[in-house]
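Accompanying notes for the structure given below.
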């Protein structure tokens, strides 16, 4: 009778010896290819320290936001939805009264207890209304 030798069966496992190397390479790949956007802030240009500019009060349109979020433009209360239209109306009145040579300056002032979100929303609406410098 012929005896056959039994061969040891190969184990069915996944080799994990290089798993750490693969994970490390993937980590480096994602760190290198991912771009991080720096915080941009509000994107406003503030005057230099000590710089003084003379402004006539008649050239300024005051926009106030109180602690409850109510918006006052040129002495009249308005809503956030109508703010662009109200600013445009004030700009037209200003141009009619003073001519096209002078630019209207918009001054935004908020109450110290006002919600920060309200101030940002109003600032965004002012930018959308065509403000060139804020």
Do we find that residue 52 is part of a loop (DSSP other than H, G, I, E, B), exposed (fewer than 12 other Cβ atoms within 10 Å of the Cβ), at pLDDT 85 or above and at negative phi in this structure? no
Do we find that residue 45 is at pLDDT below 85 and touching a helix residue (DSSP H, G or I) at 6+ places or on another chain (Cβ under 6 Å) in this structure? no
Check every one of the strands (runs of 3 or more DSSP E) wholly within region 66-134 and list those with 3 or more residues that are at pLDDT below 80, closer than 25 Å to residue 53 by Cα and more than 22 Å from the chain's Cα centre (by Cα). none
Checking residue 57 against (1) within 17 Å of residue 131 (Cβ to Cβ); (2) modelled with pLDDT under 85, which single condition isn't satisfied? (1)
If you scan region 56-101, which residues turn out to be exposed (fewer than 14 other Cβ atoms within 10 Å of the Cβ) and closer than 18 Å to residue 116 by Cα? 67, 68, 79, 81
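The values are calculated or read from the model by the stated rules, or taken from the named source; none is laboratory data. All values derive from a computational prediction rather than experimental measurement. Note that each Cβ is placed from the backbone with ideal geometry, even for glycine, and that neighbours are counted across all protein chains shown.
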